[in-house]
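Have a look at this one.
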Amino acid sequence: MLKLVLSRLFFEIVEDIVALDQRLAQARQHVDASQQVVVDYLLAQVDQLRQDTLSHRQALVSVLEDTVAGDELETVIYGLLSEQLPTAVDRLHQLTQLLYQMDSRQIQSEANQVLGSLNLNRLMAGDNPGVVLMPVASREGVYLEDRHQLRHEETWAVVQDVPLLSLNNPLHWFGLTDYFMQAFSTRTVQVASLIEELQLGFELPLDMLCPLFNLRLLGPSYYAHYVLQSLKEGYQPWFWIVEPTLFQGLNRFGFVNKDLVILHQSLEKARAFVEDGTEDNDELKLSDKDREALLGIVEKIIPDILAFVEKHYQRAQLLGDRLEQGVLISAVPMMVNPSQLHDTLVQQLASDESFSMYPLLASLKESPAKPVEILNAGFLYKLEKTPLWVRYALTELDDDEAWTFFTDKILSLQNVLAKSIETARVFEVLDGQAPDGPQTRVGGPSLKTLRQTETELARL
């Protein structure tokens, strides 16, 4: 099982290096002559990082191919998880910090569509928050109370950081609601009162609920996103308490998936090889009953009408079947069995001469996919394919061929997902399913306000 974690962690790092290379290519088109030298330097550094990352292929292949065992296997895994791959991540952050000063920092419009489709304002029972997307290069974000960004209403806004390397990667947009949910968890009276009623015997940090709310809102792929980002960037606070609760949530919400089960089972084995910087806190031990109670609160606060539920998961699985063909997944295929439909039609026509077949045939119509369904389909597809892609590239191809293979897989999947989200919105409007009422407001600050917020973030 550890080989699957290593494959997926390696691919996450490759994904970030490709994103950095792509953003540098974009920056090169608009920087002035004085900055071209910096861009060329960064491109050379990215190329070196690519070579350094691929230099670990022999160690990784030895684990994937089971050519080492015993103490030697433990030594190789420890080196990969504790030294070699984290070094690549640290270097990525250093280079991204340099790029931040000259990057255009444009956020893909499809990210706005994803966030806008979630109707976050309906969670606030009339408080109507504003969410301002703003890219930052650091790995940490902050949410700010800012009444100037929403001038005409007494309300609060959440500044949601979007790491530069995630701006154009739809599979990283599962983090778009992190700081909204952190603010929501700690500032909503209903959350605090329901937690108090549980009488857990200890004070539960309210922002520990943030991942649970995200799972309920975004679907099963959030679990994989949370785990892989924690492995890559360093474990989040209370990771070893939150992760089992998230996994229990997968079962409670009907999100059964073999790749997610394998990911969960492999974590304890991975933990033995890394210094995760966390300690078991006996005061915060949660029983299965405690976890079920917390998940019940999450269900109560985010009702089915706003949540990603089992029906959406089934639709996402149908979309995933189409990704293998490399086609857009903007519409969900019919969820009825054609042979059963045929039998029903024949029976109805035989028993009722006035029967109209058109309402029944209407069930064959495809329906527009929701942005979060598209993202879940894409992430679960990537989760399944990553071990196969990594093993093939590292065992069958040389360095240049392997990197080209990875780049093609990453960019083609991102492109299909982004175009599918855009096309689904068109289908939704034409089909008369565009949501009515207020939507989560995304972006919109003036240039002056944005600069003020950037200054404030830099100061913090």
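Among the residues of the stretch 74-97, are any in contact with a Leu (Cβ under 7 Å, 6 or more places away or on another chain) and among the polar types (S, T, N, Q)? Show your work before the answer.
Kept after step one, since they are in contact with a Leu (Cβ under 7 Å, 6 or more places away or on another chain), are these residues of the stretch 74-97: 77, 80, 85, 88, 91-92, 95-96.
Imposing the further condition that a residue be among the polar types (S, T, N, Q) reduces the set to 96.
For the stretch 74-97, residues in contact with a Leu (Cβ under 7 Å, 6 or more places away or on another chain) and among the polar types (S, T, N, Q): present.
Is the stretch 440-449 home to any residue that is modelled with pLDDT under 95, under 22 Å from L318 (Cα atoms) and buried (at least 18 other Cβ atoms within 10 Å of the Cβ)?
Kept after step one, since they are modelled with pLDDT under 95, are these residues of the stretch 440-449: 440-449.
Then drop every residue that is not under 22 Å from L318 (Cα atoms), which leaves none.
Within the stretch 440-449, not a single residue is modelled with pLDDT under 95, under 22 Å from L318 (Cα atoms) and buried (at least 18 other Cβ atoms within 10 Å of the Cβ).
For a quick check of your reading of the model, give me the residue pairs whose first member lies in the stretch 240-252 and is outside the structural domain of F213 (by TED's automatic domain parsing), whose second is not small (G, A, S), with beta-carbon atoms closer than 8 Å and at least 6 apart or on different chains.
Final answer for the pair search is none.
Something else: Using beta carbons and a limit of 7 Å, which pairs, at least six apart or on different chains, have the first residue in the stretch 76-101 and modelled with pLDDT of 85 or more and the second one of a type in the set (D, E) and part of a helix (DSSP H, G or I)?
A88/D52; V89/E233; L92/D16
Conditions tested, residue by residue: (1) in contact with a Gly (Cβ under 9 Å, 6 or more places away or on another chain); (2) closer than 17 Å to P244 by Cβ; (3) at pLDDT below 90.
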| position | (1), (2), (3) |
| --- | --- |
| I262 | no, yes, no |
| K289 | no, yes, yes |
| L295 | yes, yes, no |
| H312 | yes, no, no |
| R315 | no, no, no |
| L323 | yes, no, yes |
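Being of a type in the set (D, E) and free of Cβ contacts under 8 Å to residues at least 24 places away in the same chain is the filter here; which residues of the stretch 24-65 pass it? I'd like the intermediate steps shown before the answer.
First, pick out the residues of the stretch 24-65 that are of a type in the set (D, E): 32, 40, 47, 52, 65.
Matches in the stretch 24-65: D32, D40, D47.
Counting just the residues of the stretch 325-363 that are out of contact with any helix residue (DSSP H, G or I) (no Cβ under 6 Å at 6 or more places or on another chain), under 26 Å from G378 (Cα atoms) and part of a loop (DSSP other than H, G, I, E, B), which one comes out modelled with the highest pLDDT?
So the residue we want is V327.
Restricting the search to the stretch 21-65, which residues are acidic (D, E), surrounded by 12 or more Cβ atoms within 10 Å (Cβ to Cβ) and over 27 Å from the mean Cα position of the chain (by Cα)? Give the derivation first.
Of the residues in the stretch 21-65, the ones acidic (D, E) are 21, 32, 40, 47, 52, 65.
Next, from what is left, pick out any that are surrounded by 12 or more Cβ atoms within 10 Å (Cβ to Cβ): 21, 40, 47, 52, 65.
Those that are acidic (D, E), surrounded by 12 or more Cβ atoms within 10 Å (Cβ to Cβ) and over 27 Å from the mean Cα position of the chain (by Cα): D40, E65.
For the stretch 367-401, which positions are touching a residue at least 24 places away in the same chain (Cβ under 8 Å) and not in a helix (DSSP H, G or I)?
Those that are touching a residue at least 24 places away in the same chain (Cβ under 8 Å) and not in a helix (DSSP H, G or I): S367, P368, A369, K370.
Being assigned to a loop (DSSP other than H, G, I, E, B), surrounded by fewer than 14 Cβ atoms within 10 Å (Cβ to Cβ) and at pLDDT below 90 narrows it down to one of V256, V274, so name that one. Give the derivation first.
Numbers: V274 fails: surrounded by fewer than 14 Cβ atoms within 10 Å (Cβ to Cβ).
One residue alone meets the criteria, V256.
Of all residues being of a type in the set (A, V, I, L, M) and in contact (Cβ under 8 Å) with a residue 60 or more places away in the chain in the stretch 295-318, which is surrounded by the fewest Cβ atoms within 10 Å (Cβ to Cβ)? Just the residue, please. First the steps, then the outcome.
If we filter the stretch 295-318 for residues that are of a type in the set (A, V, I, L, M), which is where we start, we get 295, 297-298, 301-302, 305-307, 309, 316, 318.
With in contact (Cβ under 8 Å) with a residue 60 or more places away in the chain added as a condition, the list becomes 295, 297-298, 301-302, 306-307, 316.
Values: L295: 20, I297: 18, V298: 22, I301: 20, I302: 20, L306: 15, A307: 19, A316: 28.
The extreme case among them is L306.
How about the stretch 233-253: which of its residues are of a type outside the set (S, T, N, Q) and in a helix (DSSP H, G or I)?
E233, F239, W240, I241, V242, E243, P244, L246, F247, G249, L250, R252
Could you please let me know if Q84 is outside the structural domain of N168 (by TED's automatic domain parsing), more than 24 Å from D259 (Cα to Cα) and in contact with an Asp or Glu (Cβ under 9 Å, 6 or more places away or on another chain)?
Working: outside the structural domain of N168 (by TED's automatic domain parsing): yes; more than 24 Å from D259 (Cα to Cα): yes; in contact with an Asp or Glu (Cβ under 9 Å, 6 or more places away or on another chain): yes.
Yes, satisfied.
Now a separate question. Any idea which residue in the stretch 198-232 is farthest from L123 (Cα to Cα), counting only those that are in a helix (DSSP H, G or I) and among the charged types (D, E, K, R)? Steps first, answer last, please.
Restricting attention to the stretch 198-232, the residues satisfying the condition of being in a helix (DSSP H, G or I) are 198, 206-218, 221-232.
Applying the additional criterion that residues be among the charged types (D, E, K, R) yields 207, 216, 232.
Numbers: D207: 16, R216: 12, K232: 31 Å.
The qualifying residue farthest from L123 (Cα to Cα) is K232.
The values are calculated or read from the model by the stated rules, or taken from the named source; none is laboratory data. Quick caveat: nothing in here was measured; it's all calculated off a predicted structure. Positions of Cβ are generated from backbone atoms using ideal geometry, with glycine treated the same way; all protein chains shown enter the neighbour counts.
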